[in-house]
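**Q** Quick one: the structure is below, and I'll ask about it shortly.
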Amino acid sequence: MIKAKSILPIFFVSILLMEAVSFASSGAPIYLPLILRPFSRPGFGVLETSHGTIVYQEGVTLAAAQEVGAGFEDAHQVVGEDLGYPEGRPRLYVYRSLDDLLNDLINTWHYPEWFRTYQAIPRMNKNYEAWIPPNMAGWFIGHEYSHRIIERVAGLNSQTKYKWFDEGLAEHEGLRTWAVRSPLEAETARQNYWNQVKTGFQSGQWIALQALTTESQWTAQMSTPNKDWIYLEAAVVVDYLIAQKGLSQVKAVLIKVGSGTPFADAFQQVFGRTVDQFEAEFKAYLISH
Ligand SMILES: [Zn+2]
């Protein structure tokens, strides 16, 4: 049921999650309180799941809304076990078309025009609200939702100082969420990420993690041909880190950041090596495998 089965998830990742770009660059809050809530508008139905609320646009079938609900429940469980649980009840808005979603982002939610121009979909916001395009479930929801839980642990907007770590971890959680219902597809996607990174690395396509750390660095890459690569690199690097050290250590970094330790220091304290040293290890691994 997920289109990402046939179209690599990374395709979607590349157009998503650029919200922090605007948040960081504008300096002004993008999210404005709603006067008219979509679920109180005509044309939207509401489906309650165990841990969330699905608000679905007319034209979205109940089955499709239920699938989003199931995907969210998977994400809630997977991300909950890995990183933690929300302090609010998440609300997911499901649209019948990407155009309708983008138009609503601008007109109802007051996101900047930039999102429509680049067909970008924001991560779950601080109020635990997310926007879901058609035919997307576990992987997409797990990715966007985990961004919010990462912020819950490490602090709102803290990810602007550890972007590669944030995006890589979100993708890890997205694949883990996807794997609940489609383990083979999720594993195939993961292997595909690795293969692409190995191939790219061999042809000299590598960007130092130190150059993918801040929001402005990440943003700058988004407007270059590297826009897909940076998500791949982040996903594989964090996949490697978790395989070597375990997810609890990754969470320990987030907890330290949440208590005020700069990311680079938190990383070094938890893993006993600097980001540069870790990156060198990873490259050596890539070369030898
Ligand atoms: Zn992301």
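The values are calculated or read from the model by the stated rules, or taken from the named source; none is laboratory data. Note that this is a predicted model, so its numbers are computed, not measured. Cβ atoms come from the backbone with ideal geometry, glycine included; neighbour counts cover every protein chain shown.
**Q** Hey, does region 136-151 have a residue that's surrounded by fewer than 19 Cβ atoms within 10 Å (Cβ to Cβ), assigned by TED's automatic domain parsing to the domain that holds residue 70 and not small (Gly, Ala, Ser)?
**A** For region 136-151, residues surrounded by fewer than 19 Cβ atoms within 10 Å (Cβ to Cβ), assigned by TED's automatic domain parsing to the domain that holds residue 70 and not small (Gly, Ala, Ser): absent.
**Q** Can you give me the ranges of the helices (runs of 4 or more DSSP H) entirely in region 187-276 with at least 2 residues that are closer than 14 Å to residue 154 by Cβ?
**A** Helices (runs of 4 or more DSSP H) meeting the threshold: 247-258, 263-271.
**Q** Something else: So which pairs qualify, if the first residue must be in region 211-233 and under 18 Å from residue 174 (Cβ atoms), the second must be in a helix (DSSP H, G or I) and of a type in the set (Phe, Trp, Tyr), the Cβ gap must be under 8 Å, and the two must be at least 6 apart or on different chains?
**A** So the pair list comes out as 218/164; 228/11; 230/164; 230/218; 232/193; 233/164.
**Q** In region 175-210, what residues are surrounded by 19 or more Cβ atoms within 10 Å (Cβ to Cβ), away from the ligand (no atom under 16 Å from the Cβ), closer than 18 Å to residue 138 by Cβ and of a type in the set (A, V, I, L, M, F, W, C)?
**A** Across region 175-210, the qualifying residues are 179, 186.
**Q** Within region 187-198, identify whether any single residue is in the same structural domain as residue 279 (by TED's automatic domain parsing) and either touching a strand residue (DSSP E or B) at 6+ places or on another chain (Cβ under 6 Å) or closer than 19 Å to residue 67 by Cβ (or both), and answer yes or no.
**A** Yes, region 187-198 contains a residue that is in the same structural domain as residue 279 (by TED's automatic domain parsing) and either touching a strand residue (DSSP E or B) at 6+ places or on another chain (Cβ under 6 Å) or closer than 19 Å to residue 67 by Cβ (or both).
**Q** Going through region 104-138 one residue at a time, which ones are within 15 Å of the ligand (Cβ to nearest atom) and at pLDDT 95 or above?
**A** Within region 104-138, 124, 125, 130, 131, 132, 133 qualify.
**Q** For residue 255, state whether it is closer than 29 Å to residue 117 by Cα and among the β-branched types (Val, Ile, Thr).
**A** Considered against the rule, which asks whether it is closer than 29 Å to residue 117 by Cα and among the β-branched types (Val, Ile, Thr), residue 255 comes out as no.
**Q** Residue by residue through region 101-118, note down the ones that are in contact with an Asp or Glu (Cβ under 8 Å, 6 or more places away or on another chain) and in a helix (DSSP H, G or I).
**A** 106, 115
**Q** May I ask you to say which residue of 194, 206 is within 20 Å of residue 176 (Cβ to Cβ) and not β-branched (Val, Ile, Thr)?
**A** 194
**Q** Provide a single number: the residues in region 150-174 that are part of a helix (DSSP H, G or I) and away from the ligand (no atom under 12 Å from the Cβ).
**A** 6
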